[in-house]
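Notes follow once the structure below has been shown.
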Amino acid sequence: MGSANKLLLPYRNHTVIEEVLTQVSASRVDDIIIVTGYEHERIDEVLAHYLSSRIEIVYNGKFSMGRAESIKCALRHISGNSDAALFLVADKPTVTYRLIDRVIDRYREKRPPILYVMTPSGRGHPIIFSKDLFPELLSLQGDRVGDDLVAKYKADVIEVEDEKPQLDIDTEDDYRILLKNESEK
């Protein structure tokens, strides 16, 4: 994205990260832990008025070491009585609360070790990991953090199908496509 912070780009009368938080907040997720890293002060400022007993922001000082560090940071702040952790990246603002709720409902019905969304372009978000996998999640390193666990538990993993592609905002072209898709609705 060059010098722009993709999470702070305008989208739907606020920012990309605010749209993601709006969707997660509208879902049945119990507690929301927002893990920040790059330009965390700017993100904290934008999200400050959303904080509540249900929503907290934690800073990951090791964010440059990969996504695994953010996962570990979140798990260190999760409630001890949680059955599972649902993870969602903040640069996919088209993931809706309805999809999040479908994922939660399916997890509660089947209780698999891992449950994720399968989109036309491959594995998407959110992804849920059972608390039984928290020790393994805490030992992960780098950026490609779910692939090994998904492969290890493949026989027990559950997919929730979603026909809608999930646009990951990684480039200026991705952002232009997001805005174009929004204007065509």
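Quick one: would you say Asp168 is within 18 Å of the chain's Cα centre (by Cα) and surrounded by fewer than 12 Cβ atoms within 10 Å (Cβ to Cβ)?
No: the conditions fail for Asp168.
Out of all the residues in region 157-164, is one or more touching a residue at least 40 places away in the same chain (Cβ under 8 Å), part of a helix (DSSP H, G or I) and either buried (at least 17 other Cβ atoms within 10 Å of the Cβ) or out of contact with any Leu (no Cβ under 9 Å at 6 or more places or on another chain) (or both)?
no
Quick test for you: out of Val95, Val145, pick the one residue that is β-branched (Val, Ile, Thr), over 27 Å from Pro10 (Cβ atoms) and touching a residue at least 12 places away in the same chain (Cβ under 8 Å). Lay out the reasoning, then the answer.
Details: Val95 fails: over 27 Å from Pro10 (Cβ atoms).
It is Val145.
Please determine, by comparing only the residues of region 114-146 that are among the aromatic types (Phe, Trp, Tyr) and in a strand (DSSP E or B), which one is surrounded by the fewest Cβ atoms within 10 Å (Cβ to Cβ).
Ranking the qualifying residues of region 114-146, first place goes to Tyr116.
Looking at Leu178, Leu149, which is the one that is part of a helix (DSSP H, G or I) and touching a Leu at 6+ places or on another chain (Cβ under 6 Å)?
Leu178
So which residues in region 21-53 are charged (D, E, K, R), free of Cβ contacts under 8 Å to residues at least 40 places away in the same chain and not in a strand (DSSP E or B)?
Glu41, Arg42, Asp44, Glu45 - these are the residues of region 21-53 that are charged (D, E, K, R), free of Cβ contacts under 8 Å to residues at least 40 places away in the same chain and not in a strand (DSSP E or B).
In region 73-106, how many are part of a helix (DSSP H, G or I) and within 16 Å of the chain's Cα centre (by Cα)? Give the steps one after another, and end with the answer.
Going residue by residue through region 73-106, those that are part of a helix (DSSP H, G or I) are 73-77, 97-106.
Filter again for within 16 Å of the chain's Cα centre (by Cα), leaving 73-75, 77, 97-104.
Final tally of qualifying residues: 12.
Every number in this text was worked out from the coordinates using simple rules, so none of it is lab data. Just so it is clear, the structure is predicted and the values come from calculations on it, not from any experiment. A quick note on method: Cβ atoms are made from the backbone with ideal geometry, for glycine too, and the neighbour counts reach across all protein chains shown.
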